[in-house]
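What follows is one structure encoded as structure tokens, with my remarks underneath.
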Amino acid sequence: MSRRPTRRALIIAGIGLLLILAGATAQAGWLFVLAAGVLGPSAGSLVVPHRLKSVGMQRNVARRARVGDAVRVGYRATNTGKGSVPLFVLEDGFAAFEPVHVAVDRLPEGSSAELEQVRIARSRGR
């Protein structure tokens, strides 16, 4: 699995590099401390694996629907890992519906969370 930094992480790293440059120019030690505080967590996030690998996601939706129909869409998040998973955001970009962002509460070991929404079909095809 490749680990690529997100756009937000690159912006934070750029701010850290600007703080280092400003600290070297102004000879101010407190700017180096700020730079370490900014760069440390973003560099550490590339090394420490996240705990979302153990979360299994499943979407249940009707096989057929017409444009404009109200369709029940069910989501199920299951924690198959050995530890609990902290709060995370479920993002569904299924092409037939508008994109949705849902917060999922902490999942203890072996538990699952279920959500069902009624959504309007907006396009045809997959």
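Being charged (D, E, K, R), surrounded by 12 or more Cβ atoms within 10 Å (Cβ to Cβ) and touching a strand residue (DSSP E or B) at 6+ places or on another chain (Cβ under 7 Å) is the requirement here; does residue 51 meet it? Considered against the rule, which asks whether it is charged (D, E, K, R), surrounded by 12 or more Cβ atoms within 10 Å (Cβ to Cβ) and touching a strand residue (DSSP E or B) at 6+ places or on another chain (Cβ under 7 Å), residue 51 comes out as yes. Total residues in segment 49-94 satisfying the condition of being touching a residue at least 12 places away in the same chain (Cβ under 8 Å) and not in a loop (DSSP other than H, G, I, E, B): the figure is 26. Being assigned to a helix (DSSP H, G or I), open to solvent by 70 Å² or more (accessible area, probe 1.4 Å) and more than 24 Å from residue 124 (Cβ to Cβ) holds for only one residue in 46, 31, and it is 46.
The set of residues from segment 1-23 being part of a helix (DSSP H, G or I) and either open to solvent by 50 Å² or more (accessible area, probe 1.4 Å) or within 30 Å of residue 54 (Cβ to Cβ) (or both) comprises 7, 8, 9, 10, 11, 12, 13, 15, 17, 18, 20, 21.
The values are calculated or read from the model by the stated rules, or taken from the named source; none is laboratory data. Because the structure is a prediction, the values reported are computed rather than measured. With ideal geometry, Cβ positions are generated from the backbone for all residues, glycine too; neighbour counts draw on all protein chains shown. Heavy atoms of the whole protein, side chains included, go into the accessibility calculation; ligands, DNA and RNA do not. Shrake-Rupley method; radii C 1.70, N 1.55, O 1.52, S 1.80 Å.
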